[in-house]
Amino acid sequence: MTEKRYTVSELARLSGTTVRTIQYYDRINLLVATRAGEKNARYYTEADLMKLQQILFFKRIGLPLNEIKHHILKSDHASDIKQILKNQADLLLRQEMEIRMSQTIIKAILASMEADPDQNLEPIIKLVLGLNKQTVLDYAQVEFDLQTQQLFENTSEDDYQELIDYYWQWKLLILEAAAYKLNNASYTCQTGFELGRKWEEFIKRSTNDDPKMLTAYAKGLEQSDHWPEEDLFLYNFAKDYIDGAHHYYLTQKGDAID
């Protein structure tokens, strides 16, 4: 049987990419077309189609073309590709955490602006400029007590993602409180009341009144000296404002315990 051949336009249609992209891959010797006939017409085979699909997949998950060309396509060992994919997954996780940190900073500043449109933003801007956008990943190096470690070890993938979400909610509230404190905002006002309400809701949502989670939460606070340096600094800086706002909220609601 004659091997099926595809023109560049047919290959583009079958792979879901553009003719220009395939031509570029040809120019950089990533996906080289076969030439035939007097007009030296380009054509591609089934093997080329499969190779192109691989290239597009690896490019889709963020691998650079140079990495695809020199390491992925030339590797005959699944272990090599597996390691490259693991490295890429780690890189994407770091990028995701950087984006979430940026989003958290924006949300905190917007919340503080809504509370006081005339506040001075310079102090909080100076603070966030020095923050490490990947601090959340440093918790993998924290040595918690055995009970807390076992709790994390028994956590499913979905629950683990939920824990990450709780971390970013916590960070948002910490930064929001820091912004208020930097502007000498009183916590015995509507601003403090709203922050106290959000802190109360965060604690209830993150622990779900589960005794194990409440214990882990309390132990986590007790072991705060083991936290990454940035989070420890931010928590210690904002703690008095958060405690005051939380107490003010509970007092206004009639739930405060002296």
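Here, each number is a calculation from the coordinates, and none is a lab measurement. All values derive from a computational prediction rather than experimental measurement. Neighbour counts are summed over all protein chains in view; Cβ atoms, including those assigned to glycine, are modelled from backbone coordinates with ideal geometry.
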With 0.36 nm assigned to each residue of separation and the Cα-Cα distance removed, LEU129 to ASP80 gains 13.8 nm
In nm, give the distance between the simple-model label positions of LYS59 and ILE99, each being 7 Å from the Cα along the Cα-to-Cβ direction. 2.0 nm
Report the label-to-label distance for GLU3 and GLU201 in nanometres (one decimal), using points 7 Å from each Cα along the Cα→Cβ vector. 6.3 nm
Using the structure shown, list the pairs from LYS107/LYS198; LYS171/LYS204; LYS4/LYS39; LYS86/LYS171; LYS126/LYS181; LYS107/LYS253 with a Cα-Cα distance above 22 Å, or answer none. LYS86/LYS171; LYS107/LYS253
Hand me the GluC sites (Glu not before Pro) from the range 1-92 located in a DSSP loop with no more than 11 other Cβ atoms within 10 Å, in residue order please. GLU3, GLU38
